[in-house]
Amino acid sequence: MTIEPFKSNWATEEHEMVYDSALKMFKSWEEKDEQWREDGKIARSAWNEAGEVGFLCASVPEQYGGGGGDFGHEAMLLLAQAQANQSGFGGQVHSGIVAPYILKHGTEEQKKKWLPKMASGEYVAAIAMTEPTTGSDLQNIKTYAVKDGDDYIINGSKTFITNGQHANLIVLACKT
């Protein structure tokens, strides 16, 4: 199925340039699709490639190693990914969910430590919300965390951890 090119009334010329470049990169991955499907995961090198060209954390402020863009940049990246039929790449979770959590709730030290590595592709970020008995119903999750000095002891289980195969950093939903 071919999706017609998207034209938006809000996209700037810069957004369109990001889209065009991202579409080329995602389409270049077509030859690797079969191997990735056999492996059950996208190659780790894809994350490095996306980071090298600035397609990870595009809306993260430049002071933390991101692209300094806006949500429109992230939307164009996701659109290009969809048009190239690259559903296995979890860049939207990495850049559009985990990075904003760190920006909003992380300490300055955490932002400086993790966001540049996420933007470069050195780190892959994952999110762990879904549980075997509650699915993604966050009000009923069973996993909990208990403070133990400077640490937390986590007890529970998660399934379907998006980007979990390559994760260096995981945002974990739990009760405290």
When every residue in the stretch 158-176 that is polar (S, T, N, Q) and surrounded by fewer than 19 Cβ atoms within 10 Å (Cβ to Cβ) is compared, the one farthest from Gln92 (Cα to Cα) is Thr176
Please find, within the stretch 120-176, the residue that is nearest to Phe55 (Cα to Cα) out of those that are of a type in the set (Lys, Arg) and part of a strand (DSSP E or B).
-> Lys175
Does any residue of the stretch 35-42 turn out to be in contact with a helix residue (DSSP H, G or I) (Cβ under 9 Å, 6 or more places away or on another chain), assigned to a loop (DSSP other than H, G, I, E, B) and modelled with pLDDT of 95 or more?
-> no
Residue by residue through the stretch 41-72, note down the ones that are in contact (Cβ under 8 Å) with a residue 40 or more places away in the chain and either over 26 Å from Lys104 (Cβ atoms) or exposed (fewer than 13 other Cβ atoms within 10 Å of the Cβ) (or both).
-> Lys41, Ile42, Arg44, Ala46, Asn48, Glu49, Glu52
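Return yes when Glu74 is of a type in the set (Asp, Glu) and under 28 Å from Trp10 (Cβ atoms) and no when it is not.
Spelling it out, Glu74 is indeed of a type in the set (Asp, Glu) and under 28 Å from Trp10 (Cβ atoms).
Would you check if there is a residue in the stretch 23-33 being within 28 Å of Lys7 (Cα to Cα), in a helix (DSSP H, G or I) and basic (Lys, Arg)?
yes
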Output the number of the condition that Ala50 fails; it satisfies all remaining conditions of (1) within 16 Å of Val18 (Cβ to Cβ); (2) at pLDDT below 95.
-> (2)
Only residues that are part of a loop (DSSP other than H, G, I, E, B) and either within 16 Å of Gly121 (Cβ to Cβ) or among the hydroxyl-bearing types (Ser, Thr, Tyr) (or both): list them for the stretch 55-71, please.
-> Phe55, Leu56, Cys57, Ala58, Ser59, Val60, Gly65, Gly66, Gly67
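The values are calculated or read from the model by the stated rules, or taken from the named source; none is laboratory data. Quantities reported herein were computed from a predicted structural model and do not represent experimental measurements. Here Cβ is always computed from backbone atoms with ideal geometry, including for glycine, and neighbour counts include all displayed protein chains.
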